[in-house]
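Worksheet for the structure shown next.
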Amino acid sequence: VSAPIGIGLLGLGRIGRLHARNVVTRVPAFAAVGACDPYAENVAVELGIPVFSDWQALVSAPEVAAVVISSPTELHAEQIIEAARHGKHVLCEKPLDRELATLPGILQAVDEAGVVLQVGFNRRADRNFSQLRQELSGGAIGDPLLVKITSRDPAPAPLAYLKGSGGLFLDMAIHDFDMARYLVDAEVVSVSAAGSALLSPEIAAIGDVDTAVTTLTFDNGVLAVIDNCRQASYGYDQRVEVHGRNGMLLVDNEQSSTVRRADAAGYHRDPLPNFFLDRYGEAYVREMEAFAAAVAGTAEPIADGIDGARAVEIAVAAELSRKERRAVTLEEVRR
Ligand SMILES: NC(=O)c1ccc[n+]([C@@H]2O[C@H](COP(=O)([O-])OP(=O)(O)OC[C@H]3O[C@@H](n4cnc5c(N)ncnc54)[C@H](O)[C@@H]3O)[C@@H](O)[C@H]2O)c1
(Lines give C-alpha, C1' and ligand atoms only; values in the text may rest on other atoms or scores of the structure.)
Protein backbone atom coordinates (compact mmCIF):
# COMPACT_ATOMS: atom_id res chain seq x y z
CA VAL A 1 0.00 0.00 0.00
CA SER A 2 1.45 3.38 -0.98
CA ALA A 3 1.49 6.34 1.41
CA PRO A 4 -1.61 8.54 1.34
CA ILE A 5 -1.53 11.58 -0.93
CA GLY A 6 -1.44 14.92 0.92
CA ILE A 7 -4.50 16.99 0.12
CA GLY A 8 -5.49 20.56 1.00
CA LEU A 9 -9.06 21.83 1.26
CA LEU A 10 -10.04 25.35 0.18
CA GLY A 11 -13.45 26.40 1.44
CA LEU A 12 -15.36 24.60 4.17
CA GLY A 13 -18.93 25.73 3.52
CA ARG A 14 -21.93 23.59 2.55
CA ILE A 15 -20.03 21.38 0.10
CA GLY A 16 -16.45 21.93 1.34
CA ARG A 17 -17.11 20.49 4.79
CA LEU A 18 -18.65 17.40 3.20
CA HIS A 19 -15.55 16.89 1.02
CA ALA A 20 -13.33 17.44 4.07
CA ARG A 21 -15.26 14.89 6.10
CA ASN A 22 -15.15 12.37 3.25
CA VAL A 23 -11.40 12.82 2.84
CA VAL A 24 -10.87 12.26 6.57
CA THR A 25 -13.31 9.41 7.13
CA ARG A 26 -13.93 7.64 3.82
CA VAL A 27 -11.01 7.99 1.40
CA PRO A 28 -7.81 6.50 2.82
CA ALA A 29 -5.89 7.26 -0.39
CA PHE A 30 -5.82 10.89 0.78
CA ALA A 31 -4.47 12.46 3.96
CA ALA A 32 -5.92 15.89 4.78
CA VAL A 33 -2.79 17.95 5.48
CA GLY A 34 -4.34 21.42 5.48
CA ALA A 35 -7.54 23.41 5.14
CA CYS A 36 -8.31 27.07 4.61
CA ASP A 37 -11.58 28.89 5.17
CA PRO A 38 -11.30 32.27 6.87
CA TYR A 39 -14.90 31.99 8.10
CA ALA A 40 -15.07 28.31 9.06
CA GLU A 41 -11.80 27.37 10.73
CA ASN A 42 -13.77 25.48 13.37
CA VAL A 43 -14.67 22.85 10.76
CA ALA A 44 -10.99 22.09 10.16
CA VAL A 45 -10.30 22.03 13.89
CA GLU A 46 -13.18 19.60 14.51
CA LEU A 47 -11.88 17.27 11.80
CA GLY A 48 -8.29 17.52 13.09
CA ILE A 49 -7.01 19.13 9.87
CA PRO A 50 -4.16 21.68 10.19
CA VAL A 51 -5.51 25.21 9.65
CA PHE A 52 -3.98 27.58 7.08
CA SER A 53 -4.98 31.20 7.39
CA ASP A 54 -4.47 32.00 3.72
CA TRP A 55 -5.11 29.86 0.70
CA GLN A 56 -1.92 30.90 -1.15
CA ALA A 57 0.12 29.35 1.65
CA LEU A 58 -1.96 26.18 1.42
CA VAL A 59 -1.58 25.74 -2.36
CA SER A 60 2.18 26.25 -2.13
CA ALA A 61 2.80 24.02 0.89
CA PRO A 62 5.20 21.18 0.05
CA GLU A 63 3.14 18.56 1.90
CA VAL A 64 0.14 19.34 -0.34
CA ALA A 65 0.07 17.32 -3.58
CA ALA A 66 -3.58 17.98 -4.47
CA VAL A 67 -6.30 20.46 -3.53
CA VAL A 68 -10.07 20.48 -3.38
CA ILE A 69 -11.53 23.89 -4.25
CA SER A 70 -14.96 24.42 -2.65
CA SER A 71 -14.73 28.17 -2.25
CA PRO A 72 -17.28 30.59 -3.74
CA THR A 73 -17.48 30.41 -7.53
CA GLU A 74 -15.81 33.78 -8.12
CA LEU A 75 -12.56 32.45 -6.59
CA HIS A 76 -12.30 29.22 -8.61
CA ALA A 77 -10.32 30.48 -11.61
CA GLU A 78 -7.65 32.27 -9.58
CA GLN A 79 -7.27 29.37 -7.15
CA ILE A 80 -7.03 26.69 -9.87
CA ILE A 81 -4.38 28.65 -11.77
CA GLU A 82 -2.35 29.31 -8.63
CA ALA A 83 -2.56 25.67 -7.50
CA ALA A 84 -1.55 24.43 -10.96
CA ARG A 85 1.44 26.82 -10.99
CA HIS A 86 2.60 25.12 -7.81
CA GLY A 87 2.20 21.71 -9.45
CA LYS A 88 -0.85 20.68 -7.41
CA HIS A 89 -3.62 18.46 -8.77
CA VAL A 90 -7.05 20.06 -8.51
CA LEU A 91 -10.58 18.91 -7.81
CA CYS A 92 -12.65 22.07 -8.31
CA GLU A 93 -16.32 22.50 -7.64
CA LYS A 94 -18.58 23.53 -10.50
CA PRO A 95 -18.74 25.91 -12.24
CA LEU A 96 -15.11 26.42 -13.28
CA ASP A 97 -15.95 30.09 -13.68
CA ARG A 98 -18.85 32.39 -14.55
CA GLU A 99 -17.09 33.83 -17.61
CA LEU A 100 -15.99 32.17 -20.82
CA ALA A 101 -12.99 34.48 -21.15
CA THR A 102 -11.12 32.89 -18.23
CA LEU A 103 -11.57 29.27 -19.32
CA PRO A 104 -8.62 29.08 -21.78
CA GLY A 105 -6.28 30.43 -19.09
CA ILE A 106 -7.45 27.79 -16.62
CA LEU A 107 -7.01 24.94 -19.11
CA GLN A 108 -3.62 26.26 -20.21
CA ALA A 109 -2.29 26.55 -16.65
CA VAL A 110 -3.36 22.98 -15.94
CA ASP A 111 -1.89 21.67 -19.21
CA GLU A 112 1.42 23.46 -18.73
CA ALA A 113 1.75 22.14 -15.19
CA GLY A 114 0.77 18.63 -16.26
CA VAL A 115 -1.57 18.30 -13.30
CA VAL A 116 -4.98 16.65 -13.05
CA LEU A 117 -8.05 18.90 -13.11
CA GLN A 118 -11.27 17.18 -12.11
CA VAL A 119 -14.51 19.19 -11.99
CA GLY A 120 -17.14 18.53 -9.31
CA PHE A 121 -19.81 16.98 -11.50
CA ASN A 122 -20.66 14.53 -8.74
CA ARG A 123 -23.71 13.12 -10.53
CA ARG A 124 -21.39 11.25 -12.90
CA ALA A 125 -20.36 9.27 -9.81
CA ASP A 126 -23.94 8.42 -8.84
CA ARG A 127 -24.43 4.66 -9.18
CA ASN A 128 -27.79 5.03 -10.94
CA PHE A 129 -26.70 7.53 -13.57
CA SER A 130 -23.42 5.72 -14.25
CA GLN A 131 -25.33 2.45 -14.71
CA LEU A 132 -27.77 4.16 -17.07
CA ARG A 133 -24.87 5.47 -19.12
CA GLN A 134 -23.21 2.04 -19.19
CA GLU A 135 -26.42 0.40 -20.42
CA LEU A 136 -26.95 3.13 -22.99
CA SER A 137 -23.42 2.88 -24.39
CA GLY A 138 -23.73 -0.91 -24.36
CA GLY A 139 -26.62 -0.56 -26.81
CA ALA A 140 -29.43 -1.57 -24.41
CA ILE A 141 -31.97 0.74 -26.06
CA GLY A 142 -30.29 1.41 -29.39
CA ASP A 143 -29.31 4.92 -30.40
CA PRO A 144 -30.53 7.66 -28.04
CA LEU A 145 -33.09 10.03 -29.52
CA LEU A 146 -34.26 12.16 -26.62
CA VAL A 147 -33.02 12.84 -23.07
CA LYS A 148 -35.31 14.25 -20.39
CA ILE A 149 -33.88 15.54 -17.13
CA THR A 150 -35.86 16.84 -14.18
CA SER A 151 -33.79 18.63 -11.54
CA ARG A 152 -35.56 20.57 -8.81
CA ASP A 153 -34.11 21.77 -5.53
CA PRO A 154 -36.17 21.61 -2.34
CA ALA A 155 -35.69 25.33 -1.63
CA PRO A 156 -33.64 28.23 -2.98
CA ALA A 157 -30.15 28.81 -1.55
CA PRO A 158 -29.72 32.01 0.52
CA LEU A 159 -29.89 35.23 -1.52
CA ALA A 160 -26.27 36.09 -0.64
CA TYR A 161 -25.19 32.81 -2.25
CA LEU A 162 -27.43 33.28 -5.30
CA LYS A 163 -25.97 36.74 -5.94
CA GLY A 164 -22.48 35.35 -6.49
CA SER A 165 -23.58 32.12 -8.13
CA GLY A 166 -23.85 33.33 -11.71
CA GLY A 167 -27.56 32.49 -11.93
CA LEU A 168 -29.66 29.35 -12.27
CA PHE A 169 -28.03 28.11 -15.48
CA LEU A 170 -24.40 28.46 -14.33
CA ASP A 171 -25.04 27.39 -10.76
CA MET A 172 -27.74 24.73 -10.91
CA ALA A 173 -28.65 23.62 -14.43
CA ILE A 174 -24.94 23.21 -15.20
CA HIS A 175 -25.11 19.80 -13.49
CA ASP A 176 -27.87 18.81 -15.91
CA PHE A 177 -26.03 20.17 -18.94
CA ASP A 178 -23.08 18.02 -17.92
CA MET A 179 -25.36 15.01 -17.34
CA ALA A 180 -26.82 15.40 -20.84
CA ARG A 181 -23.29 15.53 -22.37
CA TYR A 182 -22.19 12.58 -20.21
CA LEU A 183 -25.12 10.45 -21.37
CA VAL A 184 -25.30 11.43 -25.04
CA ASP A 185 -21.50 11.44 -25.40
CA ALA A 186 -21.61 14.14 -28.09
CA GLU A 187 -21.31 17.93 -28.18
CA VAL A 188 -24.10 20.47 -27.89
CA VAL A 189 -24.45 22.80 -30.86
CA SER A 190 -27.40 24.95 -29.84
CA VAL A 191 -29.40 25.92 -26.79
CA SER A 192 -32.87 27.32 -26.31
CA ALA A 193 -33.92 28.29 -22.81
CA ALA A 194 -36.84 29.99 -21.11
CA GLY A 195 -36.82 31.10 -17.48
CA SER A 196 -39.08 32.86 -14.98
CA ALA A 197 -38.75 34.19 -11.46
CA LEU A 198 -41.95 32.88 -9.91
CA LEU A 199 -40.92 32.05 -6.34
CA SER A 200 -39.80 35.36 -4.92
CA PRO A 201 -39.44 38.98 -6.03
CA GLU A 202 -35.91 38.98 -4.55
CA ILE A 203 -34.75 36.48 -7.16
CA ALA A 204 -36.23 38.65 -9.90
CA ALA A 205 -34.57 41.71 -8.35
CA ILE A 206 -31.07 40.22 -8.74
CA GLY A 207 -31.85 39.45 -12.39
CA ASP A 208 -32.03 35.70 -11.85
CA VAL A 209 -34.75 33.12 -12.52
CA ASP A 210 -35.93 30.23 -10.34
CA THR A 211 -37.80 28.13 -12.89
CA ALA A 212 -36.47 27.16 -16.31
CA VAL A 213 -36.79 24.85 -19.28
CA THR A 214 -33.79 24.29 -21.57
CA THR A 215 -33.61 22.44 -24.85
CA LEU A 216 -30.21 21.24 -26.09
CA THR A 217 -29.49 20.11 -29.64
CA PHE A 218 -26.44 17.85 -30.03
CA ASP A 219 -24.19 17.59 -33.07
CA ASN A 220 -25.60 14.11 -33.79
CA GLY A 221 -29.16 15.47 -33.70
CA VAL A 222 -30.09 14.07 -30.29
CA LEU A 223 -32.30 16.41 -28.25
CA ALA A 224 -32.35 16.99 -24.50
CA VAL A 225 -35.03 18.73 -22.46
CA ILE A 226 -34.18 19.88 -18.96
CA ASP A 227 -36.59 21.30 -16.42
CA ASN A 228 -35.30 23.09 -13.34
CA CYS A 229 -36.88 24.75 -10.35
CA ARG A 230 -35.30 26.17 -7.20
CA GLN A 231 -38.20 24.87 -5.12
CA ALA A 232 -40.02 21.55 -4.81
CA SER A 233 -42.32 21.14 -1.82
CA TYR A 234 -41.79 17.36 -1.81
CA GLY A 235 -37.96 17.33 -1.69
CA TYR A 236 -34.99 17.07 -4.04
CA ASP A 237 -36.37 15.79 -7.34
CA GLN A 238 -33.74 14.16 -9.58
CA ARG A 239 -34.93 12.08 -12.53
CA VAL A 240 -33.44 11.14 -15.88
CA GLU A 241 -35.00 9.44 -18.88
CA VAL A 242 -33.37 8.46 -22.15
CA HIS A 243 -35.63 7.50 -25.01
CA GLY A 244 -33.88 5.35 -27.59
CA ARG A 245 -34.70 3.68 -30.88
CA ASN A 246 -35.38 0.31 -29.18
CA GLY A 247 -36.46 1.26 -25.69
CA MET A 248 -36.20 3.64 -22.78
CA LEU A 249 -33.93 3.92 -19.75
CA LEU A 250 -35.20 5.63 -16.65
CA VAL A 251 -33.61 6.66 -13.34
CA ASP A 252 -36.22 7.49 -10.77
CA ASN A 253 -35.73 9.28 -7.46
CA GLU A 254 -34.02 7.37 -4.67
CA GLN A 255 -35.98 6.96 -1.48
CA SER A 256 -34.87 6.08 2.00
CA SER A 257 -36.99 2.91 1.91
CA THR A 258 -39.22 1.01 -0.48
CA VAL A 259 -42.04 0.74 2.07
CA ARG A 260 -45.44 1.81 0.82
CA ARG A 261 -48.43 2.42 3.05
CA ALA A 262 -51.99 2.45 1.75
CA ASP A 263 -54.91 4.06 3.55
CA ALA A 264 -58.14 5.83 2.74
CA ALA A 265 -56.19 8.83 1.42
CA GLY A 266 -54.17 6.75 -1.05
CA TYR A 267 -50.75 5.10 -1.37
CA HIS A 268 -47.85 6.75 0.47
CA ARG A 269 -44.09 6.40 0.36
CA ASP A 270 -41.25 7.90 2.38
CA PRO A 271 -40.31 11.44 1.39
CA LEU A 272 -37.52 12.11 -1.12
CA PRO A 273 -34.01 12.82 0.16
CA ASN A 274 -33.92 16.39 1.45
CA PHE A 275 -31.12 17.74 -0.76
CA PHE A 276 -27.82 17.02 -2.47
CA LEU A 277 -25.92 16.06 0.65
CA ASP A 278 -28.39 13.20 1.24
CA ARG A 279 -29.20 12.21 -2.33
CA TYR A 280 -25.60 12.20 -3.53
CA GLY A 281 -23.84 11.28 -0.26
CA GLU A 282 -22.23 8.17 -1.75
CA ALA A 283 -21.60 9.86 -5.11
CA TYR A 284 -19.39 12.46 -3.37
CA VAL A 285 -17.33 9.64 -1.86
CA ARG A 286 -16.98 7.94 -5.26
CA GLU A 287 -16.09 11.30 -6.82
CA MET A 288 -13.26 11.74 -4.29
CA GLU A 289 -12.06 8.15 -4.87
CA ALA A 290 -12.06 8.84 -8.62
CA PHE A 291 -9.95 11.96 -8.01
CA ALA A 292 -7.49 9.91 -5.94
CA ALA A 293 -7.22 7.40 -8.82
CA ALA A 294 -6.67 10.23 -11.32
CA VAL A 295 -3.94 11.75 -9.12
CA ALA A 296 -2.33 8.32 -8.74
CA GLY A 297 -2.42 8.02 -12.54
CA THR A 298 -4.53 4.85 -12.58
CA ALA A 299 -7.65 6.41 -14.16
CA GLU A 300 -8.82 9.44 -16.07
CA PRO A 301 -10.76 12.03 -14.02
CA ILE A 302 -14.51 11.37 -14.28
CA ALA A 303 -15.04 14.96 -15.47
CA ASP A 304 -12.05 16.93 -16.72
CA GLY A 305 -11.31 20.56 -17.54
CA ILE A 306 -12.83 20.27 -21.02
CA ASP A 307 -16.04 18.88 -19.52
CA GLY A 308 -16.02 21.75 -17.05
CA ALA A 309 -15.50 24.32 -19.81
CA ARG A 310 -18.15 22.85 -22.15
CA ALA A 311 -20.74 22.97 -19.39
CA VAL A 312 -19.97 26.66 -18.72
CA GLU A 313 -20.36 27.39 -22.44
CA ILE A 314 -23.77 25.71 -22.50
CA ALA A 315 -24.83 27.62 -19.39
CA VAL A 316 -23.71 30.96 -20.85
CA ALA A 317 -25.61 30.15 -24.05
CA ALA A 318 -28.71 29.24 -22.01
CA GLU A 319 -28.58 32.51 -20.07
CA LEU A 320 -28.26 34.50 -23.31
CA SER A 321 -31.06 32.48 -24.88
CA ARG A 322 -33.52 33.15 -22.08
CA LYS A 323 -32.60 36.85 -21.89
CA GLU A 324 -32.94 37.41 -25.64
CA ARG A 325 -35.72 34.85 -26.16
CA ARG A 326 -34.02 33.10 -29.06
CA ALA A 327 -31.98 29.99 -29.80
CA VAL A 328 -28.23 30.49 -29.30
CA THR A 329 -25.49 28.43 -30.93
CA LEU A 330 -22.39 27.43 -29.02
CA GLU A 331 -20.36 28.79 -31.91
CA GLU A 332 -21.82 32.24 -31.18
CA VAL A 333 -20.89 32.29 -27.48
CA ARG A 334 -17.39 30.96 -28.17
CA ARG A 335 -16.65 33.82 -30.57
N1 LIG B 1 -21.28 19.71 -6.66
C2 LIG B 1 -22.23 20.05 -5.83
O3 LIG B 1 -23.13 19.29 -5.56
C4 LIG B 1 -22.21 21.42 -5.20
C5 LIG B 1 -23.10 21.71 -4.16
C6 LIG B 1 -23.04 22.96 -3.57
C7 LIG B 1 -22.12 23.90 -3.99
N8 LIG B 1 -21.28 23.61 -5.01
C9 LIG B 1 -20.28 24.61 -5.46
O10 LIG B 1 -19.30 24.72 -4.44
C11 LIG B 1 -18.92 26.07 -4.25
C12 LIG B 1 -19.21 26.47 -2.81
O13 LIG B 1 -20.59 26.36 -2.58
P14 LIG B 1 -21.20 26.23 -1.11
O15 LIG B 1 -22.65 25.99 -1.29
O16 LIG B 1 -20.42 25.28 -0.30
O17 LIG B 1 -20.99 27.72 -0.62
P18 LIG B 1 -20.75 28.25 0.88
O19 LIG B 1 -20.95 29.70 0.81
O20 LIG B 1 -21.54 27.43 1.84
O21 LIG B 1 -19.20 27.89 1.14
C22 LIG B 1 -18.13 28.60 0.60
C23 LIG B 1 -17.06 28.70 1.68
O24 LIG B 1 -15.88 29.29 1.11
C25 LIG B 1 -15.31 30.10 2.12
N26 LIG B 1 -14.38 31.08 1.57
C27 LIG B 1 -14.60 32.38 1.24
N28 LIG B 1 -13.47 32.96 0.82
C29 LIG B 1 -12.51 31.99 0.86
C30 LIG B 1 -11.12 31.98 0.55
N31 LIG B 1 -10.50 33.07 0.08
N32 LIG B 1 -10.43 30.82 0.72
C33 LIG B 1 -11.06 29.72 1.17
N34 LIG B 1 -12.37 29.67 1.50
C35 LIG B 1 -13.08 30.80 1.34
C36 LIG B 1 -16.50 30.73 2.82
O37 LIG B 1 -16.15 31.18 4.11
C38 LIG B 1 -17.50 29.57 2.86
O39 LIG B 1 -17.41 28.83 4.06
C40 LIG B 1 -19.69 26.88 -5.29
O41 LIG B 1 -18.86 27.11 -6.39
C42 LIG B 1 -20.84 26.00 -5.67
O43 LIG B 1 -21.24 26.19 -7.02
C44 LIG B 1 -21.30 22.39 -5.60
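Annotations for the structure displayed:
- Looking only at residues of region 80-104 that are surrounded by 23 or more Cβ atoms within 10 Å (Cβ to Cβ) and farther than 18 Å from ASN22 by Cβ, we find that the one that is farthest from the ligand (Cβ to nearest atom) is ALA84.
- Every pair of residues 6+ apart whose Cβ atoms lie under 6 Å, when the first sits in region 151-172 and is within 15 Å of CYS229 (Cα to Cα) and modelled with pLDDT of 95 or more while the second is hydroxyl-bearing (Ser, Thr, Tyr) and within 8 Å of the ligand (Cβ to nearest atom): ASP171/SER165
- Residues satisfying the stated conditions in region 173-189, i.e. without any contact (Cβ under 8 Å) to a residue 60 or more places away in the chain and away from the ligand (no atom under 15 Å from the Cβ): ALA180, LEU183, VAL184, ASP185, ALA186
- Filter result for LEU107 (over 30 Å from THR150 (Cβ atoms) and either more than 14 Å from the ligand (Cβ to nearest atom) or buried (at least 20 other Cβ atoms within 10 Å of the Cβ) (or both)): yes
- Restricting attention to region 140-150, the residues that are closer than 24 Å to SER233 by Cβ and surrounded by 21 or more Cβ atoms within 10 Å (Cβ to Cβ) total 1.
- Residues of region 195-211 that are closer than 16 Å to VAL316 by Cα and either of a type in the set (Phe, Trp, Tyr) or surrounded by fewer than 18 Cβ atoms within 10 Å (Cβ to Cβ) (or both): GLY207 alone.
- Among the conditions (1) near the ligand (Cβ under 8 Å from one of its atoms); (2) surrounded by fewer than 23 Cβ atoms within 10 Å (Cβ to Cβ); (3) touching a residue at least 40 places away in the same chain (Cβ under 8 Å); (4) aliphatic (A, V, I, L, M), the only one that LEU18 does not satisfy is (1).
- At least 1 residues being under 22 Å from the mean Cα position of the chain (by Cα) and not polar (S, T, N, Q) is the threshold, and among the helices (runs of 4 or more DSSP H) wholly inside region 1-114 those reaching it are 16-25, 76-85, 103-113.
- Of all residues in region 272-301, those being in a loop (DSSP other than H, G, I, E, B), more than 14 Å from the ligand (Cβ to nearest atom) and either surrounded by 12 or more Cβ atoms within 10 Å (Cβ to Cβ) or on the phi > 0 side of the Ramachandran plot (or both) number 5.
- One residue alone among ALA309, ALA296, ALA292, ALA283 is within 23 Å of HIS89 (Cα to Cα) and in contact with an Asp or Glu (Cβ under 6 Å, 6 or more places away or on another chain), and that residue is ALA283.
- Condition met for VAL240 (part of a strand (DSSP E or B), among the hydrophobic types (A, V, I, L, M, F, W, C) and in contact (Cβ under 8 Å) with a residue 12 or more places away in the chain): yes
The rows are residues; the columns are (1) hydrophobic (A, V, I, L, M, F, W, C); (2) under 13 Å from LEU9 (Cβ atoms); (3) touching a Lys or Arg at 6+ places or on another chain (Cβ under 6 Å); (4) near the ligand (Cβ under 9 Å from one of its atoms).
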residue	(1), (2), (3), (4)
ASP37	no, yes, no, yes
ASN42	no, no, no, no
ILE49	yes, yes, no, no
ASN122	no, no, no, yes
ASN128	no, no, no, no
GLU135	no, no, no, no
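- Matching residues in region 314-329 - criterion: being surrounded by 20 or more Cβ atoms within 10 Å (Cβ to Cβ), assigned to a helix (DSSP H, G or I) and over 13 Å from the mean Cα position of the chain (by Cα): ILE314, VAL316, ALA317, ALA318, GLU319, SER321, ARG322
The values are calculated or read from the model by the stated rules, or taken from the named source; none is laboratory data. It should be emphasised that the depicted structure is a prediction, and the values quoted were computed from it without experimental measurement. With ideal geometry, Cβ positions are generated from the backbone for all residues, glycine too; neighbour counts draw on all protein chains shown.
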